[in-house]
1. Here are the criteria: (1) in a helix (DSSP H, G or I); (2) closer than 30 Å to residue 106 by Cβ; (3) open to solvent by 80 Å² or more (accessible area, probe 1.4 Å); (4) of a type in the set (Lys, Arg). Tell me which single one residue 165 does not satisfy.
2. Filter region 252-277 down to the residues that are of a type in the set (Ser, Thr, Tyr), assigned to a strand (DSSP E or B) and either crowded, with 16+ Cβ neighbours inside 10 Å or touching a Pro at 6+ places or on another chain (Cβ under 8 Å) (or both) and list them by number.
3. In region 106-127, which residue that is open to solvent by 50 Å² or more (accessible area, probe 1.4 Å) and within 15 Å of the chain's Cα centre (by Cα) is farthest from residue 259 (Cα to Cα)?
4. Filter region 207-251 for residues that are open to solvent by 30 Å² or more (accessible area, probe 1.4 Å) and of a type in the set (Val, Ile, Thr) and give the result.
5. Exactly one of these conditions fails for residue 306: (1) in contact with a His (Cβ under 8 Å, 6 or more places away or on another chain); (2) part of a helix (DSSP H, G or I). Give me its number.
6. Just to confirm my filter: which strands (runs of 3 or more DSSP E) fall fully inside region 1-108 and include at least 1 residues that are touching a Phe, Trp or Tyr at 6+ places or on another chain (Cβ under 8 Å)?
7. Can you find, within region 343-360, the residue that is nearest to the chain's Cα centre (by Cα) among those that are within 19 Å of residue 14 (Cβ to Cβ) and in a loop (DSSP other than H, G, I, E, B)?
8. Sort out which residues of region 83-103 are open to solvent by less than 50 Å² (accessible area, probe 1.4 Å) and either within 29 Å of residue 300 (Cβ to Cβ) or hydroxyl-bearing (Ser, Thr, Tyr) (or both), and write them in order of number.
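The values are calculated or read from the model by the stated rules, or taken from the named source; none is laboratory data. Bear in mind that the values here come from a model prediction, so they are computed numbers and not experimental data. All Cβ positions, glycine included, derive from the backbone under ideal geometry; neighbour counts span all protein chains shown. When the accessible area is computed, the model is the full protein with side chains, heavy atoms only, and any ligands, DNA or RNA have been set aside. Shrake-Rupley method; radii C 1.70, N 1.55, O 1.52, S 1.80 Å.
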Amino acid sequence: MNIYTLKLRDYRNYKILQIKPSERLNVFTGANAQGKTNIIEAIYYASLGTSYRCRRDYDLIFWQADAAKIEVKYRRLNIDNKLDITLSKTSRKKILLNEAPILQKNLPGNLLCVLFAPEDLMIIKGAPTLRRRFLDIELSQTDKYYYSALVSFNRILQQRNNLLKALKKKLERVQSLEVWDEQLSKVAAFIWQRRISAIKEMDILASSFLHNISGPEETLHLNYKLGTSCSKQKNLAKDYCRELKERREADIWRGSTGAGPHHDDIEFYLNGTDAKTFGSQGQQRSVILALKLAELEYIKKMEGHYPLLLLDDVMSELDGNRRTQMLNFLSEHKIQSFVTATDREMFDEVAAKFYCVRQGSVEVDER
């Protein structure tokens with residue numbers, strides 16, 4: 001998979017931008033606050049229909065404009081495709097795939113990407129929501145049913161929570177929970193099955209990559225921790241529905257659902273101990289790098305080709321050895337990559353197309 005044309009109009013600080021990237025490594029250099037990350041963000045948005053930096057589409061539109069546009073022409077499995085996304089301050093966004101309108105829920109899985117940004121270093125140390133989000137993004141791109149299931153689960157969960165609050169105020173009857181418990185259980189079981197299966201694959205891949213990065217003395221194990229008392233080996237839908245019924249009194253008192261996929265977590269064990277608590281900063285960074293490389297391999301295994309790799313100002317966060325491991329992997333596997341950096345010197349030994357970014361203007365750097 002590779003992008004051969006990217007066009008932006010009134011996106012962030014770009015009035016007009018058109019680039020034709022290399023099929024391999026593309027490096028965008030320049031001082032801070034010049035617009036490097038905006039390019040990475042636009043590609044990410046075209047892939048998933050959301051920004052990883054802000055929640056409102058409004059914030060992506062050039063301040064003097066009423067609308068912004070992202071146009072991406074890309075080749076996947078030797079087939080040319082075109083994505084057009086229009087963001088507006090006054091109406092809903094419009095998404096066209098090969099000139100035909102599609103819904104947001106049908107966008108993930110077309111232009112595949114893996115993002116590695118500085119905040120990803122918090123996947124191990126941060127809150128469980130960061131780890132769930134990492135896995136949800138991966139699965140949304142490789143399983144056309146997963147994203148829809150995730151949307152359905154969040155919708156049903158919100159409705160159940162609203163009902164719990166009404167029950168606390170004696171505005172509804174407890175029996176009205178039955179239908180929501182049954183619906184929530186079915187969708188939750190589907191999500192759990194997909195997440196557990198993916199982590200089993202990622203466990204093998206990430207462990208192998210960590211051996212390459214840190215040597216055979218470092219062992220890594222990923223464990224998926226269910227946010228429920230249900231067993232992974234049993235009938236998840238039936239058991240979860242039973243648990244929801246048993247927890248009703250506590251849920252009504254709390255006004256929210258206290259068990260389910262929204263409470264899941266991923267545990268990282270380095271040499272048999274919890275990497276979050278006992279891993280050094282260097283070890284944690286090695287684990288995250290291994291995890292991102294495993295994500296690339298997982299998507300290739302599921303889809304038959306590598307996704308795009310977006311590296312947003314992360315190279316400066318890695319030491320020389322880890323940086324070399326990443327660049328060697330990209331070169332060996334011929335992955336189209338988009339990298340932002342303030343310093344070009346760290347890429348002098350690799351073949352790449354360089355761009356200089358200044359105040360919303362991008363030029364090819366021929367040095």
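1. With (1) in a helix (DSSP H, G or I); (2) closer than 30 Å to residue 106 by Cβ; (3) open to solvent by 80 Å² or more (accessible area, probe 1.4 Å); (4) of a type in the set (Lys, Arg) applied to residue 165, the lone miss is (2).
2. Within region 252-277, the subset of a type in the set (Ser, Thr, Tyr) is 256-257, 269, 273, 277.
Pick out the ones that are also assigned to a strand (DSSP E or B) and you get 269, 273.
269, the sole residue that qualifies.
3. 119
4. Answer for region 207-251, where residues must be open to solvent by 30 Å² or more (accessible area, probe 1.4 Å) and of a type in the set (Val, Ile, Thr): just 219.
5. Residue 306 satisfies every listed condition except (2).
6. Working: elements: 2-11, 14-19, 25-29, 67-76, 79-88, 94-97.
Hits in region 1-108: 2-11, 14-19, 25-29, 67-76, 79-88.
7. Step one: filter region 343-360 for residues within 19 Å of residue 14 (Cβ to Cβ), giving 353-360.
So of that shortlist, the ones also in a loop (DSSP other than H, G, I, E, B) come out as 359-360.
Values: 359: 28, 360: 26 Å.
Per the stated criteria, the residue is 360.
8. Across region 83-103, the qualifying residues are 83, 84, 85, 86, 88, 95, 97, 100, 102.
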